[in-house]
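Encoded as structure tokens, here's the structure I'll be asking about.
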Amino acid sequence: MSAGQKTQVKMEILESRKLFEKINGMPKAINSGMREIVYKHTLMLEREAKLNVTKTGEEHPQVQTGRLRSSITHEVGIERGEITGKVGTTVSYAPLLEFGTAHHPPYAWLYPALEKIQPIFMKAAYGLRNYIMDWWHK
């Protein structure tokens, strides 16, 4: 065996170790990227819901106290191993406005916000592939 062959074997082992380290680090990189995306879009959803609650016009009831708007909050966490983002309120009349009652039509504020933000979120989630590829090539 010549000296050149020893060097080649040593380089292959080092490259395999680097590949192994990158593969082991990939879940952390993916989770980090996805956590960032979920957090950003949860905040966007909260903001859009609050804007919808404060709309004025004939089809919207007029804001009287601002209680619903100020009660809309977000939460980002991990549930059953999945990164989750939630937007909601504890105000008891919120579902009555969202879905309507026998006495008044629906005044949807959360679902329209979700319809607006969801495609933006999906585009960002698919863009995570680019984030992973950039990370892989570091």
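The values are calculated or read from the model by the stated rules, or taken from the named source; none is laboratory data. In this text the structure is predicted, and so the values were computed from the model without any measurement. All Cβ positions, glycine included, derive from the backbone under ideal geometry; neighbour counts span all protein chains shown.
Restricting to the range 94-122, name every residue that is more than 25 Å from the chain's Cα centre (by Cα) and β-branched (Val, Ile, Thr).
THR101 - this is the single residue of the range 94-122 that is more than 25 Å from the chain's Cα centre (by Cα) and β-branched (Val, Ile, Thr).
Yes or no: THR90 over 18 Å from the mean Cα position of the chain (by Cα), closer than 28 Å to GLU36 by Cα and loosely packed, with under 11 Cβ neighbours inside 10 Å? Full working, then the answer.
On the way: over 18 Å from the mean Cα position of the chain (by Cα): yes; closer than 28 Å to GLU36 by Cα: yes; loosely packed, with under 11 Cβ neighbours inside 10 Å: yes.
In short, yes.
Filtering the range 49-74 down to residues that are at pLDDT 90 or above and either among the hydrophobic types (A, V, I, L, M, F, W, C) or closer than 22 Å to TYR126 by Cα (or both), which residue is surrounded by the most Cβ atoms within 10 Å (Cβ to Cβ)?
ALA49
Would you please name the residue that is nearest to the chain's Cα centre (by Cα), looking only at residues in the range 17-48 that are among the aliphatic types (A, V, I, L, M) and modelled with pLDDT of 75 or more?
Residues of the range 17-48 that are among the aliphatic types (A, V, I, L, M), as a first pass: 19, 23, 26, 29-30, 34, 37-38, 43-45.
Next, only the ones that are modelled with pLDDT of 75 or more stay: 30, 34, 37-38, 43-45.
Numbers: ILE30: 13, MET34: 7, ILE37: 4, VAL38: 2, LEU43: 9, MET44: 9, LEU45: 9 Å.
Going through the qualifying residues, I end up with VAL38.
Residue-wise test of (1) in contact with a Cys (Cβ under 6 Å, 6 or more places away or on another chain); (2) at pLDDT below 95; (3) of a type outside the set (S, T, N, Q); (4) surrounded by 15 or more Cβ atoms within 10 Å (Cβ to Cβ).
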{"position": "ILE78", "(1), (2), (3), (4)": "no, yes, yes, no"}
{"position": "THR101", "(1), (2), (3), (4)": "no, yes, no, no"}
{"position": "TRP109", "(1), (2), (3), (4)": "no, yes, yes, yes"}
{"position": "LEU114", "(1), (2), (3), (4)": "no, no, yes, no"}
{"position": "MET122", "(1), (2), (3), (4)": "no, yes, yes, no"}
